[in-house]
1. Expressed as a whole number of Å, what is the distance separating the alpha-carbon centroids of segment 48-96 and segment 152-201?
2. When the helices in the chain are scored as -39500 (n - 2.57) per DSSP H run of 4 or longer and the sum is shared across all residues, what 222 nm value do you end up with, to the nearest 500 deg cm²/dmol?
3. Convex hull over the Cα atoms of segment 63-190, averaged projected area in nm²?
4. Quick one: Tyr204, Tyr172, fewest Cβ neighbours within 10 Å first, how do they rank?
5. Taking 27 Å as the cut-off for C-alpha to C-alpha distance, list the pairs among Lys189/Lys386; Lys128/Lys189; Lys253/Lys317; Lys102/Lys386 that go past it.
6. Per residue of segment 382-391, what does 6.51 cos²θ - 1.76 cosθ + 1.60 with θ = phi - 60° give for ³J(HN,Hα)? Whole Hz please, x for Gly and Pro, Karplus curve as stated.
7. Label points 7 Å out from Cα along the Cβ direction at Leu282 and Tyr335: separation in nm?
8. Using only Cα atoms, figure out Rg for segment 1-152 and give it as a multiple of 2.2 N^0.38 Å.
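Coordinate-derived values only; no laboratory data. All values reported here derive from a predicted model rather than from experimental measurement. Using ideal geometry, Cβ is built from the backbone for each residue, glycine included, and neighbour counts are taken over all protein chains shown.
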Amino acid sequence: MGALDGIRVLDFGRYVAGPYCATLLGDFGADVIRIERRGGGEDRFLGPVAESGDGAMFLQLGRNKRSITFNPRADGAAQLRSRLIETADVVVVNVPPQTLGKMGLDYETLTAIKPDIILASVSSFGPKGPWSDRPGFDSVGQAMSGAQYLTGNGDVPIRTPITWVDHATAVYSAFGVMMALFERQRTGKGQQVDSSLLGSALAYSSTSIIEEAMTAIGRKAIGNRSFLNGPTDTFATTDGWIVTQVVGNSLFKRWAGLMEEPHWLDDPRFASDTLRGENGELLSERTARWCETRTSQQALDELAAANIPAGPVLSPKQAMEHEQVAGMDFVAPTYVPHLGRDAPLTRPPVDLQANPATIRTPPPAIGEHNEQVLAELGYSAEEIAKMVSDGVV
């Protein structure tokens, strides 16, 4: 039994932040209904990996959801939206806050239909301020939080193609929904939960922001080295690349022992993490010479024996095949009926011992559950057929 059994979530989200929030809730047992336009939402087809056009992102974020199609402009659409809301505990939407009212999904409209509803509103910049009505994506959050400025070698700011801002916002939003559900148990009242890409990106970048505000240090990008410790960097081996991260005096002592060069411990330039960060180029040069004579496996085995954090730089294919990924069952091959093949979904990254998260159902086809969900709402077969002919679903 999932921890969220009995909770119904309406997922009006698009792309990553909203849909992944709903996915996380579904992983723990919530009944998540994905509501997308007829023909499928644009996020379904991003990065296509199948003849149907379904994309990798949708396959990952569509698990544990039922899909219904919905045309909000069709006659009868308002009634269907109201019936859905009447049965829901949580509504997830990610659009600019000013757009919620146009969609009939603002908190006031929702509570008029379901007084204890919880609205998870995910936006780019939040509900206040001069940019509140502007659209944005993950890369904008990376750029505006200082993260992109500090990434790269100092010539061109580099963003990561991994959408960490989107995913962080989804996690914060899901966390907020859980707090709101907990509060509702105590008070019987719902509430609006706001999260934003910019807020999440700033929260993740807060160390650099605080440091700059209080010291005016003026950090610049320094590649893969760390500002705050060392040797932390990416190093070439005879057959690939590895990373190390040395933080704290005890780890640095073990590193010096591995290098068989205790003189590093007596050098005042490396007496603390801060100083090792400031003089990290020298530490990286020494570690690079050590790595260049070893295979990745040899280097990682010796680093592990010295109890120094390290790992290989893996391609997506190598990551999926790594022994630790397999040992933890992080990748769950899941058969997707409408594709006729397995998709290697990444299973939920957090578990509850008593109520573990699971992938119960594969990502759905477009409108796969139209009849099922509409019948649950009380529509007859004739009414459902008319809604299809009228273009409502």
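1. After rounding, the separation between the Cα centres reads 20 Å.
2. Taking each H run of at least 4 residues, the total per residue is -11000 deg cm²/dmol.
3. Orientation-averaged projected area of the Cα hull: 10.3 nm².
4. With the fewest neighbours first, Tyr204, Tyr172 line up as Tyr204, Tyr172.
5. Too far apart for the 27 Å limit: Lys189/Lys386; Lys253/Lys317.
6. These are the phi-based 3J(HN,Hα) values: 5, 5, 5, 4, 5, 5, 5, 5, 7, x Hz.
7. 6.2
8. Relative to the rule-of-thumb radius for its length, segment 1-152 sits at 1.10.
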